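The values are calculated or read from the model by the stated rules, or taken from the named source; none is laboratory data. Note that the structure is predicted; figures quoted are calculated from it, not measured. Using ideal geometry, Cβ is built from the backbone for each residue, glycine included, and neighbour counts are taken over all protein chains shown.
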Amino acid sequence: MLGRSLMAAGMLTAALTMSCDAARAFDESKYPDLKGQWVRARVPGVVGQPSYDPNHNQGKPQNPPLKPKYQAIWDASLKDQDAGGQGGDPTYGCLAPGMPRIMVPYGDMEIVVTPETTHILLEHIHDSRRIYTDGRTWPKDADSIDPTFSGYSIGKWSDTTGSGRYDTLEVETRYFKGPRAMDATGIPLSEDNQSVFKEKIHWDKNKPDELTDEITTFDNAFTQPWTVLKKYERRKEAQPVWFEEVCTEGNQHIGIGNEVYYLSGDGKLMPAKPGQAPPDLRYFKPSQK
Amino acid sequence: MVFRSSLTAVALMTALLTSVGGAWAFDDAQYPNLKGQWVRARAPAGVTGQGPFDPDKSWGRGQQAPLTAEYQKALEASLKDQGEGGQGGWQGGRCLAVGMPGMMTLFRPMEIIVLPEVTYIRIDHIRDSRRRVFTDGRDWPKDVQPSYDGYSIGRWLDTQRKGSFDTLEIETRYFKGPRSFEPSGMLLHEDNETIVKERMYLDGSNPDLLHNDLTVIDHALTRPWTVAKKYQREKAKFPIWPEDMCVEGSGLVYIGDDMYFLSADGDLMPSKKGQPAPDLTYFKPANKQTRK
């Protein structure tokens, strides 16, 4: 009797477990718990606007390994910004920052993990990413990929501690368009847009509300690969507020040709720098001027 | 003995199911398969205009929208301005977010990511918008920051009683503006008290066809307006997700309320016949030597 009831229980359990396995296409427990709202971690002693390498202040302390040509471009950008211009920062007119700058990140970040894709949703200008983890390889025909500011990312999950749960997402990102800069000071990337970024996004179960992203930049503007370690912190709110940022709403910068002007409070064009000339109005008839 | 062994069996099953339940946080077989890339279904023959809100009718007046007299007048003014070269009431020309409900026309492809707590709707048009439809059972929060996309709460339904969900019912509130239904510049009310109700479900006979029965309740309308939107799933295994950077090469410059064109050589041009040049009051006389 005992044997029969045990057998029956075993059969039922097996049947239930099988039906669970068949239905369970996405076993979330194999992936790190990245749910919630992430923000960039503050680094003690680092001040000012968010820098690309978060461990150093923005500007010269970043010490990027730039080639002389690109160092000169960056110096010119810093000088123009000192004079009131936008320098080499392409985002003043709401152009996407693109990779790797989007990973600063400026706004709140959500990481949505599915077996096929990890979505990184960033509320800033136009920053969100798709990291494909479906086993695809780089397309043979590079022309089949439209270059973008955020690039094309392929990732692979790994369980580096043998715990049975993935803890690291290794990502490679290619196929860019520009202009892009590493940060708001205009640290340039090469205009050839041949950048390659390798990331290790790592979650430690012992520090579940911290996330690190080690990003290495390979770019023809640099003399050597540049690696920085970014840290993110998870906010504690059960139902975090997701602010909607629409860059073009109330943007006071107006780009006309190669010049950037301000929009005054009363909706008129203003110079952004001392002595800046107004735009050329030759397309307006004299009576319209 | 039978009793005791039955108890043991039940305890075993309970333990197993508990552990399975703990690990198995998400049974995606309970939800409809909405993976892939969705685009708006081809309009019926004879439907004209860019992205009409009701996909079965031509845009503008052809929509026969139940507008109040005030908002019908605003539509006429928008169409007139567009006829003269302006953008009328359409915010897309300024690269402002389209917001709800216009964004669900799908000017660009859509991806739907279904998770138990949230269904994400990603549409890369003008901005990289992502609607979050909260399906975690939450109630309307007391304090919500208004947004173009609004705040959405959803509920999955098993309308066919097949033991799995087939329909996502969504209600969206808490908006900011300006928003318009479609590129003709048909405006929603400036009080932004819009409520949008949606029912999204796969077609009974075609799993690559998604329906979105969408009802708008808005003070610009004399009654709720319901339209039946349809989306088609693309067949590509690895679909291409375009990045839509509205400001890139838009060729439009807004100074205050006036829109100008940017010429190929980067200079300002009038967008309408007889349009005055921008006011240069803030430039010192010495600076008014314009750039060549």
Q. Taking the condition more than 9 Å from chain A (Cβ to nearest Cβ), at pLDDT below 95 and more than 23 Å from B:Asn192 (Cα to Cα), does B:Gln82 pass?
A. yes
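Look at B:Lys142 and say whether it is basic (Lys, Arg), assigned to a loop (DSSP other than H, G, I, E, B) and more than 9 Å from chain A (Cβ to nearest Cβ).
Details: basic (Lys, Arg): yes; assigned to a loop (DSSP other than H, G, I, E, B): yes; more than 9 Å from chain A (Cβ to nearest Cβ): yes.
So B:Lys142 passes the test.
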Q) Is it fair to say B:Thr172 is β-branched (Val, Ile, Thr), over 27 Å from A:Glu237 (Cα atoms) and either touching a strand residue (DSSP E or B) at 6+ places or on another chain (Cβ under 9 Å) or not assigned by TED's automatic domain parsing to the domain that holds B:Ser78 (or both)? A) no
Q: Could you figure out which of (1) more than 18 Å from the chain's Cα centre (by Cα); (2) not in a loop (DSSP other than H, G, I, E, B) isn't true of A:Glu191?
A: (2)
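With respect to A:Pro240, determine if the residue is surrounded by fewer than 18 Cβ atoms within 10 Å (Cβ to Cβ), in contact with a strand residue (DSSP E or B) (Cβ under 9 Å, 6 or more places away or on another chain) and either aliphatic (A, V, I, L, M) or not in a strand (DSSP E or B) (or both). Working first, answer last.
On the way: surrounded by fewer than 18 Cβ atoms within 10 Å (Cβ to Cβ): yes; in contact with a strand residue (DSSP E or B) (Cβ under 9 Å, 6 or more places away or on another chain): yes; either aliphatic (A, V, I, L, M) or not in a strand (DSSP E or B) (or both): yes.
When the stated conditions are applied, A:Pro240 passes them.
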Q.
So the check is Cβ under 6 Å with 6+ separation or different chains; which pairs have a first residue in segment B:158-180 that's farther than 23 Å from B:Arg132 by Cβ and a second one that's at pLDDT 95 or above?
A. B:Thr159/B:Asp166; B:Thr159/B:Thr167; B:Gln160/B:Asp166
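Looking at segment A:262-284, is at least one residue among the acidic types (Asp, Glu) and more than 7 Å from chain B (Cβ to nearest Cβ)? Lay out the reasoning, then the answer.
The first filter runs over segment A:262-284 and keeps only residues among the acidic types (Asp, Glu), leaving A:266, A:280.
Those still in the list that are more than 7 Å from chain B (Cβ to nearest Cβ) too: A:266.
Yes, the conditions are met somewhere in segment A:262-284.
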Q: Could you grab me the full set of residues in segment A:158-200 that are crowded, with 20+ Cβ neighbours inside 10 Å and of a type in the set (Asp, Glu)?
A: A:Asp183, A:Glu199
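Would you pick out the residues in segment A:103-115 that are β-branched (Val, Ile, Thr) and over 22 Å from A:Asp134 (Cβ atoms)? Before the answer, list the steps.
Of segment A:103-115, the ones β-branched (Val, Ile, Thr) are A:104, A:111-114.
A:Val104 - this is the single residue of segment A:103-115 that is β-branched (Val, Ile, Thr) and over 22 Å from A:Asp134 (Cβ atoms).
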Q) Name the residues in segment B:145-161 that are in a strand (DSSP E or B) and facing chain A (nearest Cβ under 8 Å), would you? A) B:Ser147
Q) Looking at segment A:256-264, is at least one residue outside the structural domain of A:Arg101 (by TED's automatic domain parsing), within 30 Å of A:Tyr70 (Cβ to Cβ) and not in a strand (DSSP E or B)? A) yes
Q: Go over the candidates B:Gly60, B:Gly93, B:Gly49 one by one and state the one that is closer than 20 Å to B:Val247 by Cβ, touching a residue at least 60 places away in the same chain (Cβ under 8 Å) and not polar (S, T, N, Q).
A: B:Gly93
Q.
What's the total number of residues in segment B:191-201 that are of a type outside the set (Val, Ile, Thr), in a strand (DSSP E or B) and either modelled with pLDDT under 95 or surrounded by fewer than 18 Cβ atoms within 10 Å (Cβ to Cβ) (or both)?
A. 2
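The rows are residues; the columns are (1) at pLDDT below 95; (2) in a loop (DSSP other than H, G, I, E, B); (3) in contact with a His (Cβ under 9 Å, 6 or more places away or on another chain).
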position	(1), (2), (3)
B:Gly21	yes, no, no
B:Ala29	yes, no, no
B:Pro55	no, yes, no
B:Lys73	no, no, no
B:Gln87	yes, yes, no
B:Gly99	no, yes, no
B:Met104	no, no, no
B:Glu111	no, no, yes
